[in-house]
1. Which whole-number percent gives the relative contact order of the range 386-521, counting Cα pairs below 8 Å spaced six or more residues apart?
2. Tell me, what is the FRET efficiency for Asp724 and Asn814 to the nearest 0.05, using R0 = 35 angstrom and their Cβ-Cβ distance as r?
3. With a 1.4 Å probe and all protein chains left in place, how much of the accessible area of the range 464-590 comes from carbon and sulfur atoms, in whole percent?
4. If amide hydrogens are placed 1.01 Å from N in the peptide plane, which non-local residues have theirs closer than 5 Å to the one on Gln455?
5. Tell me which residues come under 5 Å, amide H to amide H, from Ser415 once H is placed; ignore anything under 5 positions away on its chain.
6. Rank by packing, highest mean first: peptides 135-146, 192-203, with packing defined as the count of other Cβ atoms within 10 Å averaged across residues.
7. Can you check what the net charge comes to around Ala385, using other residues whose Cβ is under 15 Å from the Cβ of Ala385 (Lys, Arg +1; Asp, Glu -1)?
8. Which residues in the range 670-691 have a backbone N closer than 19 Å to a point placed 7 Å from the Cα of Val827 along the Cα-to-Cβ line?
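The values are calculated or read from the model by the stated rules, or taken from the named source; none is laboratory data. Computed from a prediction, not measured in an experiment: that's the story for all the values here. Because the Cβ atoms are built from the backbone with ideal geometry, glycine has one as well, and the counts that use them run over all protein chains shown. Accessible surface is based on the protein model in full, side chains and every heavy atom, while ligands, DNA and RNA are left aside. Shrake-Rupley method; radii C 1.70, N 1.55, O 1.52, S 1.80 Å.
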Amino acid sequence: MASSALFLLTPRPPPPLLVAAHRRPPLASRAHLPTTSLRRREDCPCRCASSSSSASSSPSSDRAGPEERPPRSRQQKQRTQRPGRGNAIDPVGFLAKHGISDRAFAQFLRDRYKALKDRRWELHSRLIDLKEASSGFELMGMHRHRQHRVDFMEWAPGARYCSLVGDFNQWSATENCAREGHLGHDDFGYWTIILEDKLREGQEPDEYYFQEYNYVDDYDKGDNGVDVEELISRMNEEYWEPGEVRSQKSRLEVVAKLYEQMFGPNGPQTEEELGDIPDAETRYNEWKALQKDDSASSLPCYDFIDNGQEFDIFSVVTDRVSFEKFQGKSPPLAYWVEMRKGRKAWMEKYVPAISHKDKYRVYFNTPDGALERIPAWATYVLPDAETKQSYAVHWEPPPEEIYKWRFERPKVKGSLRIYECHVGISGSEQKISSFQEFTSNVLPHIKDAGYNAIQLIGTVEHKDYSSVGYKVTNYFAVSSRFGTPDDFKKLVDEAHGLGIVVLLDIVHSYASSDELVGLSLFDGSNDCYFHSGKRGHHKYWGTRIFKYDDIDVLHFLLSNLNWWVTEYRIDGFQFHSLPSMLYTHNGFSTFTGAMEEYYNQYVDKDALIYLILANEMLHELHPDIITIAEDATFYPGLCEPTTQGGLGFDYLVNLSVPEMWLWHLENVPEQEWSMNKIMKVLVSNNSNMLSYVENHNQSISGRKSFAEIILHKGKCSNNSVDDDVIFRAASLLNLIKLITFTTSGGAYLNFIGNEFAHPKRIEFPMSSNDYSFRLANRQWELLDKGVHKHIFNFDKDIMSLDGKEKLISRGSPNVHHCDDTSMLYSVGVDEAGEYQVTDSCCFV
């Protein structure tokens, strides 16, 4: 290439006046150069970054020129961070709203906000912003690089050596290892391994080291045999005008001419001949005068502004014509794409370093010895039937097999009616059901039943099936016992096609303690992802507690949330069992309701900060996302904006409702129920409350379902509703559903099968039942039989009524009076007048 382009010196806009202030030009004028943003801590006490200039741009036009823009302070140059819904930040803002006057708690919130700012600064100093902090999956794990190779990156600060072992290298621990020095691992413990594709026999290496290949999109584009030199020539002809590029035979040509001029045979030989050297400004003016005579040159015209201060490259500017001309140019990217060869050429020349569905693990040499682990960022994990261990699977299907999305994300209009389900137990057979079976058989039923959202539990990879999926081992992988990643994508896509949003039950409050498959002792140390000592272990469940104050752990957890939304188009999350992370006693303590219990020494402030960052990130990057908090302690501010001292969730689960109904069913005859006690639990002023009669806890956690309790009393599981006893039992269950639904504060949830009063509890295969699947399924054949058909039609009518009248979205009803004698309660209306009960309101 015989020309040297001058775009390496980006033109600067001209000064608005002859004497201009010494300032840094707008970032827009450096659009064609890689830039590094300078960021300042929000609460930095120093004056290193002053506020923006008081000068304002001219209002005469909507689009001011570069010379009219006022200088921007560093704070203004930062990427916009949306800390929550609302603009003004008040760390204790929600306290007045709820009438909370506890001074100690207010001080705790202020201290927490200071710690939050420190954590943001620490996070942004390493990872720029929340978007970068939550995009680790773009680098971590295994990814195909454009330059015919595969890159693998893993975080293991306690390891001394790292390599990949698998089918692709006959499980050799030395063939594919990280290099020595910074190319192999950095100071933070991130290891990088490069797997080079192998040349096929008879093929020659690429002529250019920067040769790229397109493996997926338009994967045969570029295989037209066009010479690279020809493409570069086309780029220069399209981008540069005559005279804008100075032809040089070598990059040292200008330097050689200057050297010859100063010290060559025609230069001054003595100091007397050299004479006095003019100052820089004089020499610059002489050069400038010579440039004016060169009328044929199209090179940008440069000038500088001297304000008497130390030289600054940002004081060099161009004239207006040159600047606007440069800004109007667009890079010839089409030619760069054309230089990238396609999949066809790649397959002819190379053998993939690792193929689709190859098994692999990561190998560490640690102070504790050699270890093999499942990579923490693995996206597909399978168990080995022979060794009873697991291994990661490289998931890189060819372009023609990659799942192609068909439907857009739906938006929930009005009420949120959630159908909670577990894929594995969703079938009628005594086996583990699959994603495909769920998509074909259960999704149409959910749509027909009137629900507009599903909440999937046990979907993230876990080794122990009896744990219902809550002891997660591999956070970026769907459970392989249900199907492949593409099978899950199809499930989500088909749900979206039916107008159903998909929520995922995410477990970031603890993790599996498995050391072979999970993250526990991942790199041989005890403080990689989790706290060391007692704090790193759940007191009762034997699980591990994350280290929420560690930047790399935050990087992992935030990226995990963003991964499910980006890769699988998940519409929201329920954050499971928040007390396990919010308190060092893991929520296993007696709560009296005193405010002190929310800020004493047992509260994990770092976990609260993580939840704030998680909600900020999700709502900033995905404005339509739905986040639900499952917290039995009702931590203050769960659904308040983070700018007002809250945690930023959209909904919180009212766990008191099912416990209240269960207590009445088991301890009080229905004719003695107290409406005052019932309404006190059901009715809430919180419009973000998610209520339900029963979820998976009532059916799975060693208990009986409500249908099993009520219908067992009536001895009417499969009989007709014509019998008075059967009718009474079914009506009681329907009334519980109706009252709970109509008093729900913002959303309603039902567990799979409860809509038709499934008569049996759920019991996952485990040693205590000889690993039987007898109770790990749903009896769908009951939908068309007797009392179950009656109860299902009732549930369906409730959902239909809400779809028409928007009952839930109106908020909790205004209950004026409860009469325990007549077991009636009075509900107020919005406006005075005469009302008539319609037929659509008569269910029982």
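1. Working: 206 pairs, mean separation 39.5, N = 136.
About 29 percent, as a whole number.
2. Values: r = 35 Å, r/R0 = 1.00.
The formula returns an efficiency of 0.50 here.
3. Details: 1470 of 3180 Å².
For the range 464-590, the apolar C and S fraction of the accessible surface comes to 46 percent.
4. Amide H to amide H, under 5 Å and 5 or more residues apart or across chains, Gln455 pairs with Tyr419, Glu420, Cys421, Leu503.
5. Here Ser809 satisfy the definition.
6. Working: 135-146: 17.8, 192-203: 14.3.
Ranking, from highest mean packing down: 135-146, 192-203.
7. Values: positive: Lys359, Lys388, Lys463, Arg481; negative: Asp384, Glu386.
It works out to a net charge of +2.
8. 674-691
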